[in-house]
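Peer 1: Here it is, the structure in full.
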Amino acid sequence: MTAMPSPPSAARPLSDVLGLAPGQAVAAGVLRDPAARAPVPRVGERGVWDAVDAATRSALLKDADAELARNAPVLRASDWARTFRDGVRTAYEDQARALRSRTALFVLAAVLADEAAPAGAPPGAAPYLDAAADGLLAFAEAGTWCWAPHDRHTAGRGEVVPDPDDPFLDLGAAEVASLAAWADHVLGERFDQRVPGLRRRLRREVRQRVLAPFLRTRDWHWIGLDGDAHNWNPWIHSAVLTAALLLTDDDAERAEVVSLVVRGLDHFVAVLPDDGGVDEGVAYWWQGACRLLESLDLLAAVGGPALDARGLPVLPELLRYPHRMHWGGPWYVNVGDAPARPPAEQPWHVLFHWGRRLGDPGVTAHAVARARARGVTAHQDDGLGRALAALSAPGWQAALADPPPADSWAARDVWLPRVELLVARERAGSTQGLALAVKGGHNAERHNHLDVGSYWVALDGAPVVVDIGQPTYTAASFGPDRYRAWPLRSGWHNVPEPGAEQQPGAHHRAHGVRAEIGEDATVWTADLAAAYPTGLLAGWRRTVRLVRAAGGGPAYVLVEDEPQRAPAVLRLHHVVAGEVTVGEGRADVRAGGGRALQLTWDHRQLTGSAEVRALDDLLLRHSWGDRLTRLTLHAAPGVQGPLRVRIERPR
């Protein structure tokens, strides 16, 4: 076996790649008339829009017709205030998300149907165009675009109603600004005919709510001036960039905003590990790393070579993260606040084009396969800009016509030393058989769960020993009460419980994390003692290995725990998706699709029990159905290690 060392991080600033000296701004002349060079064509370019594949066109127009028959979502002050009253944030955010999706759908439908009508034409002359304008104006009339849990200004005043004169620039505001910018860009001439004045109103609102706060306040927490740049950074910067390029008429102001966006993205690029790992998980890759890629594409499109920074050294590894985390089908290794079965509505075309640009067939094959599984080229829930780009991207529809080789991107072993995450399979190029993932890290990672040393076991491309994932967010999800949510606690992860659960904080971490890659076995090992209350343990060595089939013997996963001076109470937890039957020294798991696993242990050391947990959270039910089971192994008094659990197909 060969040990895999941790390479140093070597991020290069975006501004450095662009040749911008400290304090230097992007030349205003480089950005003149950027809308004319934007990568999404306007509605009048019918050669592009009329070529959209028939299945996607039909699905979008059918959905738009159905949506026309429904009442529009209403943004209520009482729903927004619930964050402060009972901690429920989804009452408002779900309505805001639904209104964005509805408006984006009508924009797409108006483009595909080539709708046009003068201002004086009667109702019904351009139904999609009118409905899109209604949605945009509803946002223009709303008191805020910010999601209540983020609005530190309102919270600081001790109020439950936002102040339109004191806007807070967050993800919600970014989403609406991006929606307005792309709608204005693609349908601008039609809005001028049908709804004169709408575009001027949108520019006013975007400037007041997004661009002015961005220019005025230069220490937004999400910029990451303290080194803590996370997905908010590129998520918001990408929207600000889009709004500046498509909705700003002043050349000097546009150049100033773009320059600040480039400097802001520097903070995100600086924290990207050179192994491409993302401690926030796959779900947030799309909002963090992917937003960076889209920003780089937009800069290069409107600014040409002078603003082309797509040669950043970290990007090739960053592109590989999604397919490296892929179990098979809809399932992914779900680190942190990520669902095991994330939404299929993702901008797969971005991965495809970047994979093709950088010559990585694994990236392109994975993107095509997952997009084909979705069944349409684009969806309004991708976000308007992303959907428009997917529908008009050269070569994307043609790429979807032929399926890639099955699972060709599935590497046998992936080791990401910066985030201390290992993924191993029985064989390369196949999701069949056993697969293992195990993580180290620390308990202050972004979107963290208390899960140092936790592992996953998948069979034939679907997880069976699982990570529960993110429950529905509340006002407490990112505050001091975060770990009161049971899915985030270590007691509901596949880790030891030596008389106490793991504790939050960066110093509660794995030590001596090491991965060894071999033909016969792949092994991860670390000391987990520091993840628990200080002084509780002298040491806790955990070793997790995937042993591949050889000599007629089966493949199996072996977990070995070696506590130093074992505490009086010691439990080993395993969260399982499936029906669990516990016997002496064994547990049999029947999972979906006819899959089955067997866990075995020394019955003289450990006794098993199973606890079924009913799921009422809609996000959790999306991945796991109506329940999960926790298999707990209770150590006998005075037990001596190592404690071994073997996981394999039933013999």
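What follows is calculated from the coordinates using simple rules that are stated; it is not laboratory data. Please read all numbers here as calculations on a predicted model, not as lab measurements. Ideal geometry is used to build each Cβ from the backbone, glycine not excepted, and the neighbour counts take in all protein chains shown.
Peer 1: Please give me the summed charge of the neighbours of Ala132: other residues whose Cβ is under 10 Å from its Cβ, Lys and Arg +1, Asp and Glu -1. Please report the intermediate quantities before stating the final value.
Peer 2: On the way: positive: Arg102, Arg190, Arg194; negative: Glu115, Asp130, Asp134.
Charge balance near Ala132 sits at 0.
Peer 1: For segment 255-305 and segment 520-568, what is the separation of their C-alpha centers, rounded to whole Å?
Peer 2: Each part reduced to its Cα centre gives a spacing of 37 Å.
Peer 1: So, counting K/R as plus one and D/E as minus one, what does the shell of residues with Cβ under 10 Å around Pro343 add up to?
Peer 2: -1
Peer 1: In segment 292-331, whose amide N lies under 18 Å from the spot 7 Å out along Cα-to-Cβ of Ala27? List them in ranges.
Peer 2: Residues passing the 18 Å test: 299-309.
Peer 1: Taking other Cβ within 10 Å of each residue's Cβ, how do Arg565, Arg157 sort, fewest first? Before the final figure, lay out each step's value.
Peer 2: On the way: Arg565 7, Arg157 13.
Neighbour counts put them in this order, fewest first: Arg565, Arg157.
Peer 1: Also, I was wondering about something else. Rg(Cα) of segment 413-648 divided by 2.2 N^0.38 Å?
Peer 2: Relative to the 2.2 N^0.38 Å estimate, segment 413-648 comes out at 0.96.
Peer 1: Then there is this: Which value, in debye to the nearest 20, describes the size of the charge dipole of the chain about its Cα centre when Lys and Arg Cβ atoms bear +1, Asp and Glu Cβ atoms bear -1, and nothing else is charged?
Peer 2: Here the chain has a charge dipole of around 920 debye.
Peer 1: Here is a follow-up. Given 20 °C and 1.002 mPa s, compute D for segment 367-463 with the Stokes-Einstein relation, Rh being the Kirkwood radius over Cα pairs; round to the nearest whole µm²/s.
Peer 2: Diffusion coefficient, whole number: 133 µm²/s.
Peer 1: Could you give the length gained by full extension between Thr534 and Arg76, i.e. 0.36 nm per residue of separation minus their alpha carbon distance, to one decimal place?
Peer 2: Residue separation times 0.36 nm, minus the Cα-Cα distance, leaves 160.2 nm.
Peer 1: Is there a quick way to get the dipole size of segment 57-99? I mean about its Cα centre, with the Cβ of Lys and Arg at +1 and of Asp and Glu at -1; what is the value in debye to the nearest 20? Please list the in-between numbers first.
Peer 2: On the way: 8 positive and 7 negative charges, 11 e Å.
About 60 debye.
Peer 1: Counting GluC sites (Glu not before Pro) as exposed when in a DSSP loop with at most 13 other beta carbons within 10 Å, what is the longest stretch of the chain free of them? Can you show the working numbers first?
Peer 2: Details: sites that count: Glu45, Glu159, Glu519, Glu584.
No qualifying site falls inside 160-518, the longest such stretch.
Peer 1: Using a 7 Å offset from the Cα along the Cα-to-Cβ direction at both Gln208 and Thr90, what is the distance between the two label points in nm, to one decimal?
Peer 2: Between Gln208 and Thr90, the simple spin-label model gives 3.3 nm.
Peer 1: Same structure, new question: So between Asp481 and Leu358, what do we pick up on full extension, going 0.36 nm a residue minus the alpha carbon distance?
Peer 2: Result: 40.0 nm gained on full extension.
Peer 1: Same structure again: For the chain, compute the orientation-averaged projected area of the C-alpha convex hull (one quarter of its surface), in nm².
Peer 2: Averaged projected hull area, Cα only: 29.1 nm².
Peer 1: Would you mind computing, in nm to one decimal, how far apart the modelled labels at Arg604 and His511 are, each placed 7 Å from Cα along Cα→Cβ?
Peer 2: Reported label-point gap for Arg604 and His511 is 3.2 nm.
Peer 1: Also, I was wondering about something else. Would you kindly state how much longer the chain becomes between Val612 and Leu225 on full extension, computed as 0.36 nm times their sequence separation minus their alpha carbon distance, in nm to one decimal?
Peer 2: Length gained, Val612 through Leu225: 134.9 nm.
Peer 1: Fewest first, what order do Leu558, Leu179 take by the number of other Cβ atoms within 10 Å?
Peer 2: The order, fewest Cβ neighbours first, is Leu558, Leu179.
Peer 1: Would you be so kind as to identify which of Val457, Leu416, Ala550 lies farthest towards the positive end of the dipole of segment 413-648, taking Lys and Arg as +1 and Asp and Glu as -1 on Cβ and the Cα centre as origin?
Peer 2: So the residue we want is Leu416.
Peer 1: Could you give me the percent of Cα pairs per 5 Å distance bin for segment 287-425, shortest bin first, beginning at zero and ending with the bin that holds the maximum distance?
Peer 2: All Cα pairs considered, the percentages come to 2, 9, 19, 23, 22, 14, 8, 3, 0.
Peer 1: Can you give the translational diffusion coefficient of segment 257-339 in µm²/s, computed by Stokes-Einstein from the Kirkwood radius over Cα pairs at 4 °C and 1.567 mPa s?
Peer 2: After rounding, the answer is 94 µm²/s.
Peer 1: Please tell me the relative contact order of segment 37-217 in percent, rounded to the nearest whole number, where contacts are Cα pairs under 8 Å and at least six residues apart. If you can, show how the numbers build up before the last one.
Peer 2: Numbers: 191 pairs, mean separation 42.3, N = 181.
Dividing the mean separation by the residue count of segment 37-217 yields 23 percent.
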